[in-house]
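Read-outs: derived from the displayed coordinates by stated rules, not from any lab. All values derive from a computational prediction rather than experimental measurement. Methodologically, a virtual Cβ is constructed for each residue, glycine included, from the backbone with ideal geometry; neighbour enumeration extends over all protein chains shown.
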Amino acid sequence: MMRPLIGITTYVEPASWGVWHRLPTTLVPHAYVEAVTLAGGRAVLLPPDDADTDVLRRMDGLVLGGGADVDPARYGASPQPLTDTRPQRDAAELPLARAALATDLPVLGVCRGMQVLAVAAGGRLEQHLPDVVGHDKHRPAPGVYGSQQAVFESGSRIAELMGADREINCYHHQGVADAGALSVTGWAADGVVEALEDPGRPFVLGVQWHPEVSRDRRLFGALVSAASA
Amino acid sequence: MRRPLIGLTAYAQQVQYGGNDLMAGMLPMSYVRAVHATGGRAVLITPDDPGVDVLDSLDGIVFTGGGDIDARHWGARLHPAADVDEVRDRSELMLMHAALERDLPILGVCRGMQLMAVAGGGSLHQHLPDVIGHDRHRAAPGTDPLSADASAYGRHEVVVQTASRAHALLGAHLTVNSFHHQAVDDPGTFTVSGWCPEDRVAEILEDPRRVFALGVQWHPERTGDLRVFEALASAAARRSDLTRPALAA
């Protein structure tokens, strides 16, 4: 029995463990792997590589994971003081996102991953939300998730998946200013974009919050189901 | 033209990065770079999930370095100096058996070579200093013995068996880096085709009856000599018929 193969994009950071100190490491919080496994998929991690997107030919679904900021040059803006980029990830993940959209590969974007989807679809980002909304409830403090009540577009995929549940956990300082070709289907109370979809494709969903932390079966299950189809 | 997809076994490990301290699926980038530099496309196989269905999607697999293999897998008692990674043992032994059964091209690096021996019915020396009386195959704790500027650590010669597959690939001898305290005792169904000349520690395993099954005790991914990764990528491409068709004469 072969489970659907779900690729998860990764961070590259200097990491320390055991005897190793600040070794360049490809990594992803294990919560993503567990969320895919619990939803019935087989996770593999996709370290950044800008050569081509042919790895997607062997994938049944894609998770664009969280992480640092997208380089503003990717949406025609100049970096602001608090923008913290990883060009190596952008060079790998924007082509993956575009290829997933072009080939109808099921894709779930999480946090940075939702922002990557927006930029891949021709959109752009707010570089520092507190400058726009006047508060820091979307990232209250280092390592602390902000709890938010979201509003979802009636009849959207995310509204259907979340049911009566409105509570989401956020940790970000950038946000989607323009979703490009994608539809905005969720907002926080302050109007910040919380969910993106493409209703014209089999499964394209981006969420600004972190469903992997609770191993949310609703969202990861929907991805795996779409990947099995 | 698709590149061969090369799976790399990975850690599920508590790591520190930036301000974070969390459980991550992870692997040093040196392995990823070695695969990409030799024409493959790397994906990481996390160990939490002991299924082997992922092998159906791969063209080749690298069993990477890491912690010690638990001695109970070859029927011995655990040595006090052993630091085992049970989660990786369980998942990687399943993957190794399944990869051997499918004759998937296999490269074993350090722990990965030891895993080949154990999966092939062999056994390991659990703490080399007990056997050979010195610790030169491993550097001092807390250092990075494999970094480019640490050339004094653990380097030694390897002599290669004439007429072996390793000999065709690597020649009669080479100098390697080294960071391990366990080593292959009985190679099981594999053949030892390279040794450290000073102490006869096994440095290369192979099985010439297979499409490609090669294990090395050193860390080629931390060097400029990526011949074993090139050979894996070529074998993976050939097995999956990814090589460019020859032009008609």
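Annotations for the structure displayed:
- Considering only beta bridges that DSSP places wholly inside chain B, some 60 percent are antiparallel.
- Global form of the stretch A:1-121, assessed from the alpha-carbon gyration tensor, a/c cut-off 1.5: oblate
- Span-rule helices in chain A, defined as complete DSSP H runs reaching 20 Å or more along the axis (Cα) with Kyte mean at least -0.5: A:87-103
- For the stretch B:155-249, alpha-carbon Rg relative to the globular expectation (2.2 N^0.38 Å, N residues): 1.20
- Of B:194, B:19, B:112, the residue with the greatest mean-square motion in the GNM of chain B, using alpha carbon springs below 10 Å, is B:19.
- When chain B is treated as a GNM with alpha-carbon contacts under 10 Å, the residue of B:230, B:86, B:198 showing the greatest mean-square fluctuation is B:198.
- Secondary structure note: in the protein assembly as shown, about 65% of the DSSP beta bridges are antiparallel.
- Three-way shape call for chain B based on the alpha-carbon gyration tensor, with the a/c threshold at 1.5: rounded
- The calculated FRET efficiency for the pair residue B:23 and residue B:175, based on their C-beta separation and a Förster distance of 41 Å, comes to about 0.65.
- For the stretch B:1-93, trypsin sites (Lys or Arg not before Pro) are listed when DSSP marks them as loop and at most 16 other Cβ atoms sit within 10 Å of their Cβ; the list is B:2, B:77.
- Label point distance in nm, residue A:147-residue B:103, each placed 7 Å from Cα along Cα→Cβ: 5.9
- Taking only the C-alpha atoms of the stretch B:1-85, the Rg (one decimal) and the largest Cα-Cα distance, Dmax (whole number), read 15.4, 50 Å.
- Prolate/oblate/rounded label for the protein assembly as shown (Cα gyration tensor, a/c 1.5): prolate
- For the stretch A:102-192, the set of trypsin sites (Lys or Arg not before Pro) satisfying both a DSSP loop assignment and a count of at most 14 other C-beta atoms within 10 Å is given as A:166.
- Taking the inverse of the mean 1/r over every pair of distinct Cα atoms in the stretch A:5-228 gives a Kirkwood hydrodynamic radius of 17.4 Å.
- Residues in the stretch B:177-213 reached by a label modelled at residue B:131 [backbone nitrogen below 14 Å; 7 Å Cα→Cβ]: B:180-188, B:192-205
- Residues residue B:163 and residue A:165, FRET efficiency given R0 of 51 Å [Cβ-Cβ distance, rounded to 0.05]: 0.15
- Comparing mean-square fluctuations of B:94, B:29, B:116 from a GNM of chain B with C-alpha springs under 10 Å, the top value falls on B:29.
- Gain in span if fully extended, residue A:183 to residue A:217, counting 0.36 nm per residue against the direct Cα distance: 9.9 nm
- In sequence order, the stretch B:234-240 has phi-based couplings of 5, 5, 5, 5, 5, 5, 9 Hz under the Karplus curve 6.51 cos²θ - 1.76 cosθ + 1.60, θ = phi - 60°, and Gly or Pro positions carry x.
- Rounded to 5, percent antiparallel among DSSP beta bridges of the stretch A:5-228: 60
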